[in-house]
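Worksheet: one structure, shown below.
Derivation of every value follows stated rules applied to the coordinates shown; laboratory data play no part. The structure presented is a predicted model; accordingly, all values stated were derived computationally and were not measured. Note: ideal-geometry Cβ built from the backbone for every residue, glycine included; neighbour counts use all protein chains shown.
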Amino acid sequence: MARSDLQGTLDLLVLKTLSQTGPLYGYGIVLHIQSASDDLLRIEEGSLYPALHRMEQRGWLSSQWSLSETNRKVKYYKLTAAGRKQLETAERDFEQLVKGVRAIFRYA
Amino acid sequence: MSLFRRISNLFSRGKLEQEIQDEIRSHIDMRTTGNIEAGMDPEQAHRDALLRFGNPNLMKERVVAQDAALTLESLAADVRYSFHQLLRNRGFAVITILTLALGIGATTGIFSILNAWIIQPLPLKDPQQLIIFWRAAAEVPNEPAYYFSWRDYIYFTQRSHAFQSLGASFERSYALTGNGEPENLNGGIMSRTLFSTLGVSAFRGRLFLPDDDMGQPVAVISHALWTRRFHQSLDVLGQTLTLNDKSFKIVGILRPGFSYRVLDQPHDIDVWTLIQAGDPHYKQDSVAAVAIIGRLKPSVTPAQAKSEIASLQAENDRHYPDIPKSTAYLSSLQQDNTREVRASLLVLGGAVGLMLLIACTNTASLIVGRNIQREKEFAIRAALGSSARRLLVQLLVENLVLYGISGALGLLIAFGSVRGFIAWNPFGALPAQPVTVSLPVLGVAAALTVLSGLFFGAYPAFQAAKLNVNQALRASSSGASAASGTLRSRSIIVLTQIALSVVLLIGASLLLTTFLRLNAQPLGFNPADTAVINLSLSHKRYPSGTQLTQFADRLVQRLRTLPGVDAAGMTLFLRMSDAGTEPMQMDSQRDVSEEHLPQAVPVTVGPGFFQAMGIATIAGRDFSESDVQATRPVALLNEEAVQRYFAGKNPIGEQLRIGNPKDAETQKNPWLEVVGIVASTKSTRYNQIAWESRPEVYTDYRQQQFDQSADSSDFTRMSFVVRTRPGVSLSDAAIQRAIWSEDPNLPVGQIKSLGEMVSGLQTQPRVRARLLTVFAGLTLLLAAIGIYGVMAQSVAQRYREIGIRMALGADRNNVLRLVLKQGLSLTLFGVVLGTILGLVAVRFMKSLLYGISANSPATYFGVIAVVCFVSLIASFLPARRAATIDPVRSLRTE
């Protein structure tokens, strides 16, 4: 069974974002998810940080303090090789979940 | 980088928190800026940013919780926090730590002593194979009563197949003379096979060789004697030792720590010598007493060995119809060494075990109580985002810190109590191996500490983890009790404590009564103002009976002239325990068959003995100076003999003879005329505490011939009893001078009083009573603390309820009664439970009691009264506080 709860979804969104944009800080990740989903997905912004730290703990992300475009001191998160692998797994799991849910919707 | 940061985070939680704080703040700032750019006014922009973010503090907690590597750091913080908490609740901390430390310390101490004595194997090779043989009296088959004889030893060595080898030995006091001050040594005389049976080797020199029992006598000395007397000089090997005026060549020194003791022997042997081949006292049919030890063959069980020896004994006894009826009694050497102390040690072990239980439950009760007080703190912290796991870990750490300190302090107490025990030496004997706080005991105590810490710590923490935040917050403000469940479990704990202290108090009270009854028992003699001198007179220097008689006459005369002396007398036999009986023929009852002959303890004394002992003459006359060899031999009987064998008739004038008429030896004994009756004296039996009177027949030493050849030893022992006027104390030096003026070469051993001898016999009951009383007292104190704690907590919880009651018209007395009732009902349940447990427990102590029944109602009622009284006081204090509650204030609170 694919692990596909909400937390897993947040992880997937973060990993995907970082793979598309390169290194990014928390607020940037929020903005990216918001705009890339045409404002459909709004996450509770605070809950992003426990997820980021957890993923860093697991070695999927690495982080570094640096200055943002607006010269603010922010912490940049970057995908690691392990994070890339995890992204592939998570994407596969998510596809399965979507397929499964669709199948139920189509059932008549 | 990140790993390095995490490691550095370990050392500074503050730094990590700062980073998270920065990260969160920059996020909120950026969102605010974004909002302002989108057209919001600054205040609205900031509020929106916060709203989108959620609770920043909660998020921070959650982020911190993600950092697994922080666990260690937070543990250190928890430990720091725990110390803080303990310091804040100093009273709680002190009581808890002392209670636990006392429990752990006393348990570890007592069990270390128990361990050295009865658990740890003896310091001999394969000690479980060593079996010691005694004869038990037919009536008491499970206590040794007699030694086996040399002839039995010979018989067993020739026929037994259960043992690899057998050895025989007996103890003998050796007077060491010639080299420095004369000294009495503990000598051991042994068969050549003893050391090989025990499996011991020499430290220096050699042990005995096969032909050492012929020719020049040789001796092996203990490491302790070598150290004490010869300062570890190797020159002693080959030197000559003069023991009881005989020369022995020292051939070897035993290894340090070697110990071979029989029958609760309190000391080790200083010097060992051999039974010489061809010694006339050790011929094939010798009845000389020996302790026989055997090393079992590996395939043979002790039970098989026992049945073999029992049948061999029965076989051999058939050749000798005159010996008393007895059965073989075999036991392990260790059991043999601890026969007297075993019961006391087990009683003590049980008592401290119960005390540890009470200490642990008391602490649990205190911790539960404290956690209830902190319930609101936990609820608030849970509301602020602390996870249940976090609270649990913190509570566990707090408890482990508490238990850790108590455990460490407990170990100190354990070391102290072991040292104190050795210094006190209450049994008058220490085990063969040194008593140390043993590693396994230490391990068990440590495990016990940690486990009880985890268990009692985890339970409240578990409760806290289940805690419903809303309910707890609401409960504490409304005054209703969310903790009634924990109060109930605390009540059960206290109830158990009361029950356990009742059990211990019953035991202590019974043992104390036993000791007091033993002490109050009139003994038939007066132990006050006496001195007893034991002398051993060598037959080399006193070769004839006349010389021995004259020495005794002269010394008694001289002792009487000492200042302050009222009376002095001599006896050949001054023992207050384990006197053997002899059959007695009576002229008026010649037709009695030999197995029905009256039995009495023969005691040889001289004139002045009864006055010196303080034994009353009931009828007839005492021995007098006119009873001499030439006059008609006379005897005195004690009242016990008169009552048992003369059924109230006056025995004065009766003729009697000591010994079995069938026995050839008896023919040598003269017929004695009974001239007087003296009061019965009390004595005990080996390993029994009860005093009893036994029939005794007294004879006068001056009318007897000392028969040195029949005595298997080389000397005659005499005891001199001196009575001084009350208040006059006679110095040992004065007595010594008197003796040395008669014979300057006579070693004078320890001079004791009769009182000391009597109290020596009561060592076990006295120690048991004292220690158990101490433990029972401590237990009662702990239980009182428990009751007080529960009642105080209950009053605190019912603060508002009591306020309402008082507002509604209850007066102080009603409130007082309300609280006292609660405390007393708890006590009553505990007392009932304790009494039932006590009735069961005392069944195991019946053999330790004297003069009181194990179910004595007075004891039980007394204990119940004391416990009720103590718990009344313990609940009175909180009750009085409840009665002084100001209803207005209590209703306004919170």
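Considering Cα pairs under 8 angstrom that are at least six residues apart, work out the relative contact order of segment B:251-386 and quote it in whole percent.
26
Please tell me the relative contact order of segment B:126-231 in percent, rounded to the nearest whole number, where contacts are Cα pairs under 8 Å and at least six residues apart.
This gives 15 percent for segment B:126-231.
In square nanometres and to one decimal, what's the mean projected area of the convex hull around the Cα atoms of segment B:106-197?
10.6
Say R0 is 30 Å: what FRET efficiency, to the nearest 0.05, do B:R80 and B:I380 get from their beta-carbon distance?
0.90
Computed over the Cα atoms of segment B:712-806, what is the convex hull's projected area averaged over all directions, in nm²?
13.7
Counting only Cα atoms, I'd like the Rg/Rh figure for segment B:758-833, Kirkwood definition for Rh.
1.30
As an exercise, take the mean of 1/r over every pair of distinct alpha carbons in segment B:740-893, invert it, and state the Kirkwood radius in angstroms.
So the Kirkwood estimate lands at 19.7 Å.
Using +1 at the C-beta of Lys and Arg and -1 at the C-beta of Asp and Glu, which of B:S331, B:S536, B:Q750 has the Cα lying farthest in the positive direction of the dipole of chain B?
Of B:S331, B:S536, B:Q750, it is B:S331.
Take the Cα pairs of segment A:6-101, get the Kirkwood Rh, then feed it into Stokes-Einstein at 37 °C and 0.692 mPa s and tell me D in µm²/s.
239
In µm²/s, what is D for segment B:530-752 at 20 °C and 1.002 mPa s, where D = kT/(6 pi eta Rh) by Stokes-Einstein and Rh is the Kirkwood radius from Cα pairs?
116
Please list, short to long, the whole-number percent of alpha-carbon pairs of segment B:103-143 in consecutive 10 angstrom bins beginning at zero.
23, 26, 30, 18, 2
Any idea what the dipole of segment B:55-202 comes to, in debye rounded to 20, about its Cα centre with Lys/Arg Cβ at +1 and Asp/Glu Cβ at -1?
Roughly 180 debye for segment B:55-202.
What FRET efficiency comes out for A:R72 versus B:V832 if R0 is 51 angstrom and r is the Cβ-Cβ distance? Round to the nearest 0.05.
Plugging the Cβ-Cβ distance into 1/(1 + (r/R0)^6) gives 0.10.
Quick check: the distance between the Cα centres of segment B:650-704 and segment A:16-81, to the nearest angstrom?
Measuring centre to centre over Cα atoms gives 109 Å.
Averaged over peptide A:64-71, how many Cβ atoms belonging to another chain are found within 10 Å of each residue's Cβ?
Per residue, the average neighbour count from other chains is 2.
Specify whether the C-alpha gyration tensor of segment B:546-585 places it in the rounded, prolate or oblate class, a ≥ b ≥ c being the square roots of the eigenvalues: rounded for a/c under 1.5, otherwise prolate if a/b is larger than b/c and oblate if not.
Oblate, because a/c is 1.5 or more while a/b does not exceed b/c.
Which one, B:W150, B:T571, B:N55, projects farthest toward the positive side of the charge dipole computed for chain B from Cβ point charges (K/R +1, D/E -1)?
Farthest towards the positive pole: B:N55.
Kirkwood hydrodynamic radius, computed over distinct alpha-carbon pairs, for chain B: how many Å, to one decimal?
After inverting the pairwise mean of 1/r, the radius is 33.8 Å.
Please list log₁₀ I(q)/I(0) at q = 0.17, 0.21, 0.24 Å⁻¹ for segment B:225-335, using the Debye equation with identical point scatterers on the alpha-carbon positions.
-1.10, -1.28, -1.42
Once the Cα gyration tensor of the protein assembly as shown is diagonalised, what are the square roots of 5 times its eigenvalues, in whole Å and ordered largest first, as equivalent ellipsoid semi-axes?
85, 37, 25
With runs of 4+ DSSP H residues as the only contributors, calculate the mean residue ellipticity of the protein assembly as shown at 222 nm using -39,500 (n - 2.57) per run, divided by the residue total and rounded to the nearest 500.
-17500 deg cm²/dmol
Quick one: what do you get for segment B:200-243 if you divide its Cα Rg by 2.2 N^0.38 Å?
In units of the globular-protein estimate, segment B:200-243 measures up at 1.19.
With +1 on each Lys and Arg Cβ and -1 on each Asp and Glu Cβ, and nothing else charged, work out how big the dipole of segment B:308-365 is about its Cα centre, in Debye to the nearest 20.
280
When DSSP assigns beta bridges and you keep just the ones with both residues in chain B, what percent turn out antiparallel, to the nearest 5?
Antiparallel: roughly 80 percent of the beta bridges in chain B.
Past the 23 angstrom mark, what percentage of all C-alpha to C-alpha distances in segment B:661-782 do you count?
Roughly 63 percent, rounded to a whole number.
Within a 10 angstrom radius of the beta carbon, how do B:M576, B:M190 rank from fewest other beta carbons to most?
Listed from fewest to most nearby Cβ atoms, that is B:M576, B:M190.
If I model a spin label as a point 7 Å beyond the Cα along the Cα-Cβ vector, how far apart are those points for B:T581 and B:L234 in nm?
Taking the simple label geometry, B:T581 and B:L234 are separated by 5.9 nm.
How far is it, in nm, from the label point at B:L816 to the one at B:R339 when both lie 7 Å from their Cα along the line to the Cβ?
Taking the two extended label points, one gets 6.0 nm.
Using a 7 Å offset from Cα along Cα-Cβ at A:S19, what residues in segment A:56-70 end up with backbone N under 18 Å from the label point?
Answer for segment A:56-70: A:56, A:58-62.
With an 8 Å Cα cut-off and a minimum separation of 6 or more residues, compute the relative contact order for segment B:530-752 in percent.
37
Report P(r) for segment B:247-304: all Cα-Cα distances, bin width 10 Å, range 0 to the bin holding the largest distance, values in whole percent.
Computed distribution, short to long bins: 14, 33, 40, 13, 1.
On C-alpha positions alone, give me the angle between the axis of helix B:71-88 and the longest principal axis of chain B, in degrees, nearest 10.
70
Cα convex hull of segment B:139-324: mean projected area in nm², to one decimal?
Projected over every direction and averaged, the Cα hull of segment B:139-324 covers 11.8 nm².
Structure shown: which of B:K325/B:K649; B:K297/B:K325; B:K125/B:K846; B:K283/B:K682; B:K325/B:K752; A:K73/B:K15 lie over 26 Å apart, alpha-carbon to alpha-carbon?
The pairs that break the limit, which is 26 Å between Cα atoms, are B:K325/B:K649; B:K297/B:K325; B:K125/B:K846; B:K283/B:K682; B:K325/B:K752.
Sequence neighbours fewer than 8 away in the same chain don't count; with that in mind, list the lysines whose C-alpha is under 29 Å from A:K85.
Counting by Cα, and skipping residues close in sequence, A:K85 has these lysines nearby: A:K16, A:K75, A:K99, B:K60.
About its Cα centre, how strong a charge dipole does chain B have in debye, to the nearest 20, once Lys and Arg get +1 and Asp and Glu get -1 at the Cβ?
3340
Local charge sum around B:R192 (other residues, Cβ-Cβ under 11 Å, Lys/Arg +1, Asp/Glu -1)?
After counting each charged neighbour, the total is -3.
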